[in-house]
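Since the structure comes first, as structure tokens, the remarks are kept for the end.
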Amino acid sequence: MNSLANKNILLGVTGGIAAYKSAEIVRALKKAGSSVRVVMTKSAEEFITPLTLQALSGNKVSSDLLDPETEAGMGHIELAKWADAILIAPTTANTLAKLASGRADDLLSSISLAFEGPLALAPAMNQAMWKDSRTKENIEKLKDNNFNIYGPGSGEQACGDIGLGRMLEPEEIMLNFSLLFEEGHLNNKNILITAGPTQEPIDPVRYITNRSSGKMGYCLAEASLESGANVTLVSGPVNIEAPEGAHLVKVQTAEEMYESVMHHIKNTDIFISSAAVADYKPENFSKDKIKKSDKNSEISIGMTKNKDILKSVSEISNKPYLVGFAAETNDLINNAKLKLKNKKLDLIIANDVSGKDIGFDSEENEVTLINSDSEFFIEKESKKKVASKIIKYISEKLVS
Ligand SMILES: Cc1cc2nc3c(=O)[nH]c(=O)nc-3n(C[C@H](O)[C@H](O)[C@H](O)COP(=O)(O)O)c2cc1C
């Protein structure tokens, strides 16, 4: 069942140009089975009419704190008690500032202050307003107070500027928001995940490897377990603990990883290949340590191709839902699309590993999920949050 079904959702709408998209959010919430009440700021009414949101939500739209009629019906405290969660989309810079400082000078900010459940904001503003240090401080304060912040995204803005500040698309907001209520959506599914680097030995003391830390794969394993799945984690050498409850299989080389995956693939519903598997290995393994010699100023190591694990899994009959990663340093999306097609995957996760702050060996990641007919961007955030969103996305694709 959809996690938003039978939930009471209060949608706050503030005075930004993206307010027209809140109509779509009301529709999506209704479609997900939520009861929706909309509270608008006075400025928001300049951008979209209460009548539209009333017609879509099926409930009276409120905006006035000091309206005796509203207070006599469902006043600000009743609305705060009624809601299971509050989503404010769009959230203006002004409303962000008010919420960060705990002001309560209109209906929406009063309800937000009186509310004790999960509160989510989708900021939308001009890029200079978003960059301003005061907005940044407000966002940090709100995060410290457990507000969930979705976005903003970057791109061309209504004012013609380009940069961060655009409200996330309703679909992206809905995916984030529904995670607040998520529980056990992959109950009893069998998920096989590969993670970490592989080590390809040259001699007993040397090997060729890469910078993968395994964090993304381990976070995916954790998110899968939290979703109720049975998880087998085939991992190359890493320095992190496997999540409790995962069946951990430790391997060193690409060949061992291949053998282990082929061994465990039977009865697997979802295979996620997040390991950075070496494409090539040294042709010859020297059983003795290779010595430095005065005669040779150079040595060369011949390399031979490893088996392609993902491709091999894609060729088995009864193959599971197949998810690959494309870790690229250039032309990310095109390279990822090519891999999706060549390896006959259901989903590819395009991962830019050219910088230091995302991708390999970092705490955060930013990815684009690509399937045969759509792309879905997950903005930069902790690998744990990115992993939860990937797992949620996969579970939705499996049931749709
Ligand atoms: C055409 C127009 C578009 C605006 N768009 C935004 C916006 O996208 N984000 C924002 O923070 N403020 C925007 N503003 C400014 C807000 O409307 C203004 O700060 C207002 O006081 C916000 O009130 P509220 O937070 O109570 O809704 C815009 C103003 C105008 C006139």
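Computed from Cα atoms, the angle from the helix 22-31 axis to the main principal axis of the chain rounds to 70 degrees. Considering only ASN371, ASN284, ASN230, the Gaussian network model of the chain with Cα springs below 10 Å gives its largest mean-square fluctuation to ASN284.
Ligands, DNA and RNA aside, HIS247 has an accessible area near 90 Å² when probed at 1.4 Å.
Values of log10 I(q)/I(0) for segment 8-181 across q = 0.11 Å⁻¹ run -0.40, by the Debye formula with one identical scatterer at each alpha carbon and no solvent. Around the amide H of ILE88, modelled in the peptide plane, lie the amide H atoms of GLY12, ALA120, LEU121, ALA122, all under 5 Å away and 5 or more residues distant in sequence or on another chain.
Here's the picture: a label point sits 7 Å out from the Cα of ASP64 along the beta-carbon direction, and within segment 1-40 the residues with their amide nitrogen under 15 Å of it are 40.
Here the Karplus curve 6.51 cos²θ - 1.76 cosθ + 1.60, taken at θ = phi - 60°, turns the phi angles of segment 366-371 into couplings of 9, 9, 10, 8, 10, 10 Hz, with x standing for Gly and Pro.
What range in the chain is the longest one free of GluC sites (Glu not before Pro) that are in a loop by DSSP and have at most 14 other Cβ atoms within 10 angstrom? For GluC sites (Glu not before Pro) (loop position, at most 14 other Cβ atoms within 10 Å), the longest site-free span of the chain is 1-115. A crude spin-label estimate for the pair GLU363 and LEU164, with each label 7 Å from Cα along the Cβ direction, gives 1.6 nm. For the pair ALA72 and VAL205, label points projected 7 Å from Cα toward Cβ lie 8.9 nm apart. Compared with the direct C-alpha span, the chain from GLU156 to ASN296 gains 44.6 nm at full extension, assuming 0.36 nm per residue. Along segment 278-294 the Karplus relation, 6.51 cos²θ - 1.76 cosθ + 1.60 evaluated at θ = phi - 60°, assigns HN-Hα couplings of 4, 6, 10, 10, x, 4, 10, 8, 8, 6, 9, 4, 6, 8, 6, 10, 5 Hz to successive residues, with x for each Gly and Pro.
Taking amide hydrogens as placed 1.01 Å from N in the peptide plane, the amide H of ASN306 sits under 5 Å from those of TYR280, LYS281, each at least 5 positions away in sequence or on another chain.
Applying the Karplus relation 6.51 cos²θ - 1.76 cosθ + 1.60 with θ = phi - 60° to segment 115-120 yields 3J(HN,Hα) values of 7, 10, x, x, 10, 10 Hz, where x marks Gly and Pro. When Rg and the Kirkwood Rh are both derived from Cα coordinates, the Rg/Rh ratio for the chain amounts to 1.07. Put a dot 7 Å past the Cα of GLU259, heading toward its Cβ, do the same for HIS247, and the two dots end up 1.8 nm apart.
Sorting LEU107, LEU248 by accessible area puts them as LEU248, LEU107; the probe is 1.4 Å, largest comes first, and only protein heavy atoms count. Note on the chain: GNM, Cα springs under 10 Å; of SER273, SER260, SER374, the largest mean-square fluctuation is that of SER374. Counted residue by residue at 0.36 nm each, then reduced by the alpha carbon distance between them, the extension gain from ALA97 to ASP84 reaches 2.3 nm. Mean sequence separation of contacting Cα pairs (under 8 Å, at least six apart), scaled by the length of the chain, corresponds to a relative contact order of 11 percent. Amide H to amide H, with H built 1.01 Å from N, VAL251 comes under 5 Å of SER235, GLY236, counting only residues 5 or more places away or on other chains.
Helical runs assigned H by DSSP (4 residues or longer) give the chain a calculated mean residue ellipticity at 222 nm of -9500 deg cm²/dmol, each run adding -39500 (n - 2.57) before division by the residue total. Segment 92-121 and segment 294-338 have Cα centres spaced 49 Å apart.
Picking from ARG166, ARG27, ARG134, which is most flexible by a Gaussian network model of the chain using Cα springs under 10 Å? Ranking ARG166, ARG27, ARG134 by mean-square fluctuation puts ARG134 first.
The values are calculated or read from the model by the stated rules, or taken from the named source; none is laboratory data. The shown structure was predicted, so the numbers you read here are calculated from the model rather than taken from an experiment. No Cβ is skipped: glycine too gets one built from the backbone with ideal geometry, and neighbour counts run over all protein chains shown. Keep in mind that these areas ignore ligands, DNA and RNA; they rest on the heavy atoms of the full protein, side chains included. Shrake-Rupley method; radii C 1.70, N 1.55, O 1.52, S 1.80 Å.
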